[in-house]
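A short write-up of the structure that comes next.
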Amino acid sequence: MRQVIREKDKIVQEIREKAARSQIGILSDFKGLKVQEMTRLRRQLQEAKAELKVVKNTLLRRAAAGDSAINPLMSQFIGPNALTLGYADPVALAKIMTKFAQEMPQLALKGAVLRGQLLSARDLEALSKLPSREVLLAQFLGLLQGMPTALVTVLAGVIRNLLNVLVAYRDKKAESEGSGAAAAAAAPEAAPEAPEAAPEAAPETAPAE
């Protein structure tokens, strides 16, 4: 009996720890899904750095208690449940699960939790339509590669405009200086000043007789 309790405690602790490390947790109803189909799904998940756990609801509730990363899913622990935990790209995992559910309707996606945020099945489908991390990275690298050329073009335009302004200023200044010189040359020369009058000579004194 104690051995069984310890095993259950171990399962609960393992789920809590793995959920804490995961980027996304997806809850699904796998009723009617055959063993070989489940095996094929597990292989696809393994390639995407994810895993599928089939656990009883009683243990799932214990694992989701408190501040557990899968706590938002607790209200949906009804019926046979499979918990898929993804440790890499949430979008890539959403794509795999959504596509598989479309091919195998026996797998019904119930909801997901993405970094503490509860997602409905419709939200999960919308997430699957986003570009994957690899595509976004490729787009970002393409943007970085194109940025230097665009930057050079912008800078060249700025420098060209600045040179045009400086040339226009120089021409305007030269024109203004030329007009001033011409006006000065056309002005009449000033008349020479009249010479100062010589001082009158003092009258001579007659000699005394």
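Just so it is clear, none of the values below were taken in a lab; they were calculated from the coordinates. Being a predicted model, the structure only gives us computed values, none of them experimental. No Cβ is skipped: glycine too gets one built from the backbone with ideal geometry, and neighbour counts run over all protein chains shown.
Quickly rank 122-129, 78-85 as a protection proxy: mean count of other C-beta atoms within 10 Å, highest first.
78-85, 122-129
Obtain the nm distance between the two label points defined at Lys172 and Ile5 by a simple spin-label model: each point lies 7 Å from its Cα along the Cα-to-C-beta direction.
According to this spin-label approximation, the distance is 9.3 nm.
Looking at region 48-111, which chymotrypsin sites (Phe, Trp or Tyr not before Pro) are in a loop (DSSP not H, G, I, E or B) and have at most 15 other Cβ atoms within 10 Å?
Tyr87
Determine, for each peptide in 6-17, 102-113, the mean count of other beta carbons within 10 angstrom over its residues, then list the peptides with the highest first.
Values: 6-17: 14.4, 102-113: 17.6.
Listed from highest to lowest mean packing, they are 102-113, 6-17.
Which of the lysines could a cross-linker bridge to Lys8, judged by Cα under 17 Å and excluding same-chain residues fewer than eight apart?
Lys8 reaches Lys18, Lys53, Lys56.
Could you work out the local net charge near Leu119, counting Lys and Arg as +1, Asp and Glu as -1, over the other residues with Cβ closer than 12 Å to its Cβ?
+1
Quick one: grab the alpha carbon gyration tensor of region 31-76, order the square roots of its eigenvalues as a ≥ b ≥ c, and give me rounded if a/c is under 1.5, else prolate or oblate depending on whether a/b is larger than b/c. Don't jump to the answer; show the numbers that get you there.
Values: a/c = 3.29, a/b = 1.76, b/c = 1.87.
Here region 31-76 falls in the oblate category.
Cα centroid distance between region 110-131 and region 20-40, in Å?
15 Å
Gain in length, Lys56 to Glu14, computed as 0.36 nm per residue apart minus the alpha-carbon separation, to one decimal in nm?
Details: separation 42, 0.36 × 42 = 15.12 nm, distance 1.39 nm.
Gain in length upon complete extension: 13.7 nm.
Volume per residue, Å³, of the convex hull around the alpha-carbon atoms of region 2-130?
In region 2-130, the Cα convex hull volume per residue is 102 Å³.
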